[in-house]
Structure formats: structure tokens, C-alpha cells
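Structure first, commentary second.
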Amino acid sequence: MNDFSSARLKTRAIELGFTLVGIAHADPSPMLAAYERWIAAGMHADMGYMARADRVARRRDLNMILPGVRSMIVAGLDYSTFVPDEVLNDPSRGRIAAYAWGLDYHAVLMEKLDALAKWIAAECGTIQQRAYVDTGAILERSHAHTAGLGFIGKNTMLIHPRRGSMFFLGELLTDITFDSYDTPSTPATMCGRCTRCLSACPTNAFPSPHVLDARRCISYWTIENKGAIPSELRANFGNWIYGCDICQDVCPFQRFAPRTAERAFSPADIDRAAPKLADILALDEATFSARYAASPIARIKRDRLIRNACIAAGNSGDQQLRHPLERLQGEESLLIRDHATWALDRLSERAKIEARDSVNKLI
């Protein structure tokens, strides 16, 4: 058959709700060597799946994922929405990364990618295709840059110069060819001398520009890690209980981020973005499951969310959280007990400091 029309493909993708779309040849990522150096340095922490030999092989050759693959369609969907800063920064609330304020993006994007794949199949006949949303062994940000969707920032995020970085990516691998392919629309980076993201990170997770060390990243510890969070890092977590947006929020390009038109990504209420810590500390298995059934937060399960909330409670200085933390010391989970005890100790330290400061003011 003749090469498929890239213009028609992009029109259909936009009709399905995507806000960005690009088409790249199914070649290895130009950042493959950097990725392998990152793995060799151990910066993936205990995310062993990222270093598995079969996964590395797939990143080197996309034919390992889809034999005969010729093209990669990379589609983006904005998720930026609005919640007042005074709510997000309220120390009595636990802050959640903006991408998790609404419904699970995996399901939302996969539905759209499946619809796009079915449309292509109907147009082309029998073809091979495979879709991914943040699950495949694909260096998606690098491929997205190749497909013209932006540049890689010093915070390692894909940044579109007119949309910021708050958009999800999905990929559709296919064995068809197109009549035209995209090329990078920006330089490899447009950060210039700006280092706001590097300086703002409270845990110093960026050892150098464009390199993220997961072993010091709040998002890694609050989401991917299943065990105890290192005590030396906890005080720097602030009120984050699921992920972190700091390195995106301070980016100058973020001021261009449009509000998403996808209703599934908007929080139903402010508690979806920044729930009261007292409420999170009181969750049992049933209420956790009911509250987060359709949210990305469901994947970390109750114990890890409460672990994270204990740290935020300790950092809050809110002595009213002592009671729920004391109750958690009776939990069966050692993970929860350990973090609740740390939080109580930190609240006690804060109370002593505040009392001493009050006395000093009176002298």
C-alpha cells in the first residue's frame, strides 16, 4: 500500500482529544547511551524493571516489541488544571502531584490510543500495532523530542515551548509507513542558563543538568519505593504525599501551560488535590479502596499512602495530628508504625522549638 497520510492521522488524533501528536521513524532513541550510563550509575534506585536485560534490549531495538515496526506515533494530552496555592500549601493537607488529581491517565489515554489504532486499521486493513501509556520499555520523552513535541529540560521533563510540561504521553507502534515524518521542532534543550528546577529541588535530586537521581527524588520515594523512606530525607518532603511537581512548577515555560479540556483530569473537589492529613491518616482498607479506585494513587495501596502522610504530618507542625499518629502506632504494619513514630518525634521537636522561641520573645 501507499504511505499513509500523516496529516490525516494527526487530524484524527486531535479529533479524539489529543492536544499534541507527532510521527517518528521507529529508530533507537538518541538518548539510549545516556540511559544506559544512568542505569550503570544506579540512579534508577530499586526500580529493577528499568535495568532488566530484556527491557534494555527492547529500548535498543523496537522490533523486540513489535516485529516489523516502522513508525512510532507519539501523542500528548494536557493535564494542567487549577487548585489555589493556599490549599496546596496548607500544612494540614497532604499535597498530591497534579497528574493524579483526576482519573487514572493510563485508562484515559489508552482508550484514545485504541480508538486511533482501530481507525488506522480500518483505513489500512490488516496491520500490526501496539500501544503504550507509561508502561512499555520505551524512552518516550526522547522519542517525543524526535517527533517534534518539545525538548528535554534540565529537570529531565519533556517541555513544549508553548505548553510547558504538564501533558501525558502515549505511543502507538505500527508497521505502516507515512508520507512524511516529523523532526525535532526545537534544539535538544532550550533551558539556557536557567537552573530554577535544579535549585528548587529540596532533596537535591539533580546531580547535574538533565540527570535525575531517583535515590533522592520525592516522587520516587512516595510512589515507587515500597519500603521505609530514609530518615535523612523526610524533613525535606514538606507536605507531598504522592509525587512532586516542584521542578515543573518553577519552570518558566510552565506559565504557558494551557488548562486541560479533558474533564477526567480535573479534581472533583480540592481534597483530590490536597486531602486533609487527618483524613488520610484515618483511612482503612475499605475507605482507601473506595476513595482511590479510579485514581493512579490506587497503585501504591493504603500502607504506603499513610506512610507518606505520616511524614507530611511530622513536617506540618500541627499538634492536632498527634492523636491520629498515636493511634497508628498500634497498626500491624511496621512500615506505618515506624513513620508514625518519626512524625510524633518531629512534632515534639517542633513544639519545643516553638515554646523556646515564645519564651525568648518575652525576655
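Considered as a group, the residues in region 134-148 that are touching a helix residue (DSSP H, G or I) at 6+ places or on another chain (Cβ under 9 Å) and of a type in the set (A, V, I, L, M) include one that is surrounded by the most Cβ atoms within 10 Å (Cβ to Cβ), and that residue is 138. Checked against the criterion of being crowded, with 17+ Cβ neighbours inside 10 Å and of a type in the set (A, V, I, L, M), the candidates 328, 334 yield just one match: 328.
Applying the criterion of being among the hydroxyl-bearing types (Ser, Thr, Tyr) and surrounded by 15 or more Cβ atoms within 10 Å (Cβ to Cβ) to the residues of region 87-133, the residue that is nearest to the chain's Cα centre (by Cα) is 99.
Yes/no matrix, rows are residues, columns are (1) exposed (fewer than 14 other Cβ atoms within 10 Å of the Cβ); (2) modelled with pLDDT under 95; (3) over 30 Å from residue 259 (Cα atoms); (4) among the small types (Gly, Ala, Ser):
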| residue | (1), (2), (3), (4) |
| --- | --- |
| 2 | yes, yes, yes, no |
| 10 | no, no, no, no |
| 14 | yes, no, no, no |
| 17 | no, no, no, yes |
| 26 | no, no, yes, yes |
| 40 | yes, no, yes, yes |
| 49 | yes, yes, yes, no |
| 65 | no, no, yes, no |
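Identify, from the list 273, 294, the residue that is surrounded by 14 or more Cβ atoms within 10 Å (Cβ to Cβ), under 19 Å from the mean Cα position of the chain (by Cα) and not assigned by TED's automatic domain parsing to the domain that holds residue 151. Answer to the check: 273. The set of residues from region 146-155 being assigned to a loop (DSSP other than H, G, I, E, B) and more than 11 Å from residue 191 (Cα to Cα) comprises 147, 148, 149, 150.
The residue list 235, 205, 268 contains one member that is within 30 Å of residue 188 (Cβ to Cβ) and among the aliphatic types (A, V, I, L, M), which is 205. Hey, does region 341-352 have a residue that's assigned to a helix (DSSP H, G or I) and touching a residue at least 60 places away in the same chain (Cβ under 8 Å)? Checked against the condition, which is being assigned to a helix (DSSP H, G or I) and touching a residue at least 60 places away in the same chain (Cβ under 8 Å), region 341-352 yields at least one hit. Within region 276-300, residues that are closer than 20 Å to residue 266 by Cα reach partners that are aliphatic (A, V, I, L, M) and at pLDDT 95 or above with beta carbons closer than 6 Å, at six or more positions or on different chains, in the pairs 292/298; 294/103; 296/100; 297/100.
Residues of region 169-206 that are over 18 Å from residue 159 (Cα atoms) and either touching a residue at least 60 places away in the same chain (Cβ under 8 Å) or among the β-branched types (Val, Ile, Thr) (or both): 172, 173, 174, 175, 176, 177, 178, 179, 180, 181, 203.
Residues in region 213-258 that are among the aliphatic types (A, V, I, L, M), out of contact with any Phe, Trp or Tyr (no Cβ under 6 Å at 6 or more places or on another chain) and not in a helix (DSSP H, G or I): 228, 241, 250, 257. In region 43-57, the residues that are farther than 21 Å from residue 228 by Cβ form Cβ pairs under 6 Å with partners that are surrounded by 12 or more Cβ atoms within 10 Å (Cβ to Cβ) and among the β-branched types (Val, Ile, Thr), at six or more places apart or across chains, as follows: 51/39. Listed residues 252, 267, 202; which is farther than 24 Å from residue 93 by Cα, out of contact with any Asp or Glu (no Cβ under 7 Å at 6 or more places or on another chain), at pLDDT 95 or above and surrounded by fewer than 21 Cβ atoms within 10 Å (Cβ to Cβ)? Selected residue: 252, the only one of 252, 267, 202 that is farther than 24 Å from residue 93 by Cα, out of contact with any Asp or Glu (no Cβ under 7 Å at 6 or more places or on another chain), at pLDDT 95 or above and surrounded by fewer than 21 Cβ atoms within 10 Å (Cβ to Cβ). Regarding region 19-33, can at least one residue be identified that is outside any loop (DSSP other than H, G, I, E, B), touching a Ser or Thr at 6+ places or on another chain (Cβ under 6 Å) and either among the basic types (Lys, Arg) or over 24 Å from residue 212 (Cβ atoms) (or both)? Checking region 19-33: at least one residue is outside any loop (DSSP other than H, G, I, E, B), touching a Ser or Thr at 6+ places or on another chain (Cβ under 6 Å) and either among the basic types (Lys, Arg) or over 24 Å from residue 212 (Cβ atoms) (or both).
The values are calculated or read from the model by the stated rules, or taken from the named source; none is laboratory data. Computed from a predicted model, the values in this text were never measured in an experiment. Positions of Cβ are backbone-derived with ideal geometry, glycine not excepted, and every protein chain shown enters the neighbour counts.
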